[in-house]
Amino acid sequence: MKRHSCLTLLFLPLLVCLVAACGNATTSPSSTGGPLAPSPAQNQPAPPAHMAIGRFQEFALPQNNSGLMRPAADSQGRLWFGEMNRNYLGSFDPHTGKFWQQTPPHGKWGIMGIAAAPDDTIWFAEQYADYIGRYNPQNGQYTIYQLPTIHAPDPSDASKTQSLPSAPNDVVLDRRGNLWFTELNANAIGSLNTSTGSIHQYPLTSAKNARALDPYGIAVDPQGNIWFTEASTSRLGRLNPATGQISSFTPPGVTSPLMEITSDARGQIWATTFDTGQLLHFDPGHASFTIYNAPTPLGNAGGLYGLTVASNGDIWIAVSAENILARLDSRTRSFSYYSIPTKGSLPIGLVEGKDQAIWFTESGSNKIGRLQP
């Protein structure tokens with residue numbers, strides 16, 4: 001039961017499991033259109049990365065071993081995040097310096113993706129409890145949108161069937177207020193109409209015995225297209241919400257599991273690879289990939305995870321293995337990197353706050369960090 005055992009582990013073992021299970025995957029055609037052949041990837045010969053000096057602040061959580069996940073920033077400047085090892089939905093208010101923590105209804109230690117809506121309601125994926133959650137900070141009320149249970153053959157015993165959660169992982173809101181999410185076990189992309197509560201699933205394959213694609217990160221571009229990563233196949237996927245058409249794009253020569261994904265203001269797509277330290281850029285107009293090698297001042301390959309686009313267009317990544325945050329200048333295409341003061345902090349997710357600073361989670365040191373470049 002390889003897929004189920006991966007999902008029942010906590011966050012860092014989960015990623016180790018993904019590397020072990022998916023690192024040697026090869027691509028298979030999608031029944032919804034098949035992978036499109038992109039132009040050969042270009043390994044961008046960027047200028048040498050240089051160490052930059054910024055102003056760091058770090059805020060320790062009340063408890064140890066929190067298992068911090070991706071952060072989201074609301075319009076008031078508060079940071080929201082899941083704490084998988086504590087079974088908490090948490091927030092940090094920079095104005096007061098106070099943390100808020102609460103176990104969500106029926107929580108099973110599985111809050112992964114998180115997003116803040118324009119009205120400051122908080123949406124999150126509870127992977128193990130198998131639901132999409134909405135939290136309203138104004139009245140403290142939760143709304144739960146349960147996802148279907150998956151019934152699949154047991155890999156260890158063909159005569160038996162196993163029951164698995166759909167396993168929602170990452171979430172994103174589009175401009176219409178619809179919530180989109182990846183479903184690891186369901187091999188699907190899901191959408192939730194936040195006005196009506198209706199849920200629609202878009203299967204990535206029609207075959208019941210299809211291989212696990214492990215759709216992982218998710219993003220929306222300026223045209224409203226939904227983009228996602230497939231960790232098991234190292235592919236990018238695009239879903240057209242108007243037609244339901246799904247297209248796949250395989251970066252040449254990349255075998256590392258793809259993790260986070262985002263779109264910049266021009267509709268250019270960016271994604272992180274987990275165990276090779278590569279930042280991928282995909283140009284949909286030309287179907288071309290460019291690969292940027294993240295800075296590794298300590299020589300530790302891999303450990304690339306969190307990703308965000310700043311308001312000025314620069315690309316920020318969390319280089320977990322190096323204990324640094326790195327910035328790719330959108331004009332010069334050169335890297336700068338910032339060493340986090342706390343050793344072994346294990347930066348995971350990052351987001352630009354209302355104050356234009358870069359906020360990030362330190363899973364290894366149980367802190368929320370702020371960098372003013």
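All of the numbers you see were taken from the coordinates with simple rules; none came from a lab. Remember, it's a predicted structure, so these values are computed and weren't measured experimentally. Don't worry about glycine lacking a Cβ; one is built from the backbone with ideal geometry, like all the others, and counts go over all protein chains shown.
If I take every Cα pair under 8 Å that is 6 or more residues apart in segment 260-304, average their sequence separation and divide by the length, what percent do I get for the relative contact order?
So the answer I get is 34 percent.
How many nm separate the modelled label positions at Ile53 and Asn312, each set 7 Å beyond the Cα in the direction of the Cβ?
1.8
With a cut-off of 18 Å, note down the residues of segment 230-248 whose backbone N falls inside the zone around a label point 7 Å from the Cα of Asp174 toward its beta carbon.
Taking a point 7 Å out along Cα→Cβ of Asp174, the residues of segment 230-248 whose backbone N falls under 18 Å are 237-248.
Could you state the orientation-averaged shadow area of the convex hull built on the Cα atoms of segment 144-200, in nm² to one decimal?
Across all orientations, segment 144-200 yields a mean hull projection of 4.3 nm².
With viscosity set to 1.002 mPa s at 20 °C, what whole-number translational diffusion coefficient in µm²/s follows for segment 80-139 from Stokes-Einstein and a Kirkwood radius over Cα pairs?
Translational D for this selection: 184 µm²/s.
If you average 1/r over all unlike Cα pairs in the chain and invert the result, what Kirkwood radius do you get in angstrom?
So the Kirkwood estimate lands at 20.5 Å.
Work out, step by step, the length gained on full extension between Asn65 and Gln102: first 0.36 nm times the residue separation, then minus their alpha carbon distance; give nm to one decimal.
In short, 11.8 nm is gained.
With an 8 Å Cα cut-off and a minimum separation of 6 or more residues, compute the relative contact order for segment 2-372 in percent.
About 18 percent, as a whole number.
Just subtract the alpha-carbon distance of Thr243 and Ser334 from 0.36 nm times their residue separation and send over the number in nm, one decimal.
29.0 nm is the gain from fully extending Thr243 to Ser334.
With label points built 7 Å along Cα→Cβ from the Cα atoms of Asp154 and Gln356, find their separation and express it in nm.
Distance between label points: 5.9 nm.
Would you order Arg331, Arg238, Arg70 from fewest to most other beta-carbon atoms within 10 Å of each residue's own beta-carbon?
Ranking Arg331, Arg238, Arg70 by Cβ neighbours within 10 Å, fewest first, gives Arg331, Arg238, Arg70.
Tell me, what does the Kirkwood hydrodynamic radius of segment 278-373 come to in angstroms if you use every pair of distinct C-alpha atoms?
Kirkwood hydrodynamic radius for segment 278-373: 13.7 Å.
Could you give the length gained by full extension between Asn193 and Asn300, i.e. 0.36 nm per residue of separation minus their alpha carbon distance, to one decimal place?
34.3 nm
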